[in-house]
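Peer 1: The following block contains the structure, expressed as structure tokens.
The values are calculated or read from the model by the stated rules, or taken from the named source; none is laboratory data. Just so it is clear, the structure is predicted and the values come from calculations on it, not from any experiment. A quick note on method: Cβ atoms are made from the backbone with ideal geometry, for glycine too, and the neighbour counts reach across all protein chains shown. Accessible surface is based on the protein model in full, side chains and every heavy atom, while ligands, DNA and RNA are left aside. Shrake-Rupley method; radii C 1.70, N 1.55, O 1.52, S 1.80 Å.
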Amino acid sequence: VQLQASGGGLVQAGGSLRLSCAASGSIFSINAMDWYRQAPGKQRELVASITSGGSTNYVDSVKGRFTISRDNAKNAVYLQMNSLAPEDTAVYYCEAHVGLAYYWGQGTLVTVSS
């Protein structure tokens with residue numbers, strides 16, 4: 001299983017970005033899909049998750065600003081990020097739970113300038 005993340009870039013504070021992550025390979029079904037981020041000098045943190053049924057969870061710092069969604073037919077997960085702030089600057093990683101295994105994408109850099 002391979003995950004390909006895209007959509008990162010440089011944006012001014014208050015702006016928006018939409019991250020995408022598509023899974024490919026031998027996939028019978030994907031359970032939860034997540035977005036993590038890792039800022040320089042900090043530990044990787046879970047930003048948002050979505051189950052196969054569409055239930056979502058967010059870290060408090062992004063609630064009301066970020067929206068996670070998925071397209072099960074495309075084995076894809078998305079992260080719509082609005083009202084971005086400099087503290088959102090990080091490498092964002094997608095993760096997929098396939099059976100008992102976890103798979104990671106390569107990361108996409110989001111830089112928010114003040």
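Peer 1: Suppose we filter VAL47, VAL11, VAL77 for residues that are in a strand (DSSP E or B), open to solvent by less than 30 Å² (accessible area, probe 1.4 Å), under 20 Å from LEU109 (Cα atoms) and touching a helix residue (DSSP H, G or I) at 6+ places or on another chain (Cβ under 8 Å); which single one remains?
Peer 2: Values: VAL11 fails: touching a helix residue (DSSP H, G or I) at 6+ places or on another chain (Cβ under 8 Å); VAL77 fails: touching a helix residue (DSSP H, G or I) at 6+ places or on another chain (Cβ under 8 Å).
Matching residue, one of VAL47, VAL11, VAL77: VAL47.
Peer 1: When the residues of region 50-74 are narrowed to those that are surrounded by fewer than 18 Cβ atoms within 10 Å (Cβ to Cβ) and hydrophobic (A, V, I, L, M, F, W, C), which ends up modelled with the highest pLDDT?
Peer 2: So the residue we want is VAL59.
Peer 1: Also, I was wondering about something else. Test TYR36 against the stated conditions and say whether it is in a strand (DSSP E or B), open to solvent by 40 Å² or more (accessible area, probe 1.4 Å) and touching an Asp or Glu at 6+ places or on another chain (Cβ under 8 Å).
Peer 2: So TYR36 passes the test.
Peer 1: Next question. Give the residue that is nearest to ALA22 (Cα to Cα), with candidates limited to residues of region 80-102 that are at pLDDT 95 or above and open to solvent by 50 Å² or more (accessible area, probe 1.4 Å).
Peer 2: Only one residue fits best here, namely GLN80.
Peer 1: Now, a different point. Please specify each residue of region 14-28 satisfying the condition of being in a loop (DSSP other than H, G, I, E, B) and open to solvent by 50 Å² or more (accessible area, probe 1.4 Å). Steps first, please.
Peer 2: Just the residues of region 14-28 that are in a loop (DSSP other than H, G, I, E, B), to begin with: 14-16, 25-28.
Scanning region 14-28 gives GLY14, SER16, GLY25, SER26, PHE28.
Peer 1: Looking at region 9-49, which of its residues are more than 22 Å from VAL112 (Cβ to Cβ) and more than 10 Å from the chain's Cα centre (by Cα)?
Peer 2: Selection gives ALA22, ALA23, SER24, GLY25, SER26, ILE27, PHE28, SER29, ILE30, ASN31, ALA32.
Peer 1: Could you please tell me which pairs satisfy a Cβ distance under 7 Å, a separation of 6+ or placement on different chains, a first residue in region 51-71 that is over 14 Å from SER16 (Cβ atoms), and a second residue that is among the aliphatic types (A, V, I, L, M) and open to solvent by 60 Å² or more (accessible area, probe 1.4 Å)?
Peer 2: VAL59/LEU46
Peer 1: Within region 21-59, track down each residue that is under 16 Å from VAL77 (Cβ atoms) and among the charged types (D, E, K, R).
Peer 2: Within region 21-59, ASP34, ARG37 qualify.
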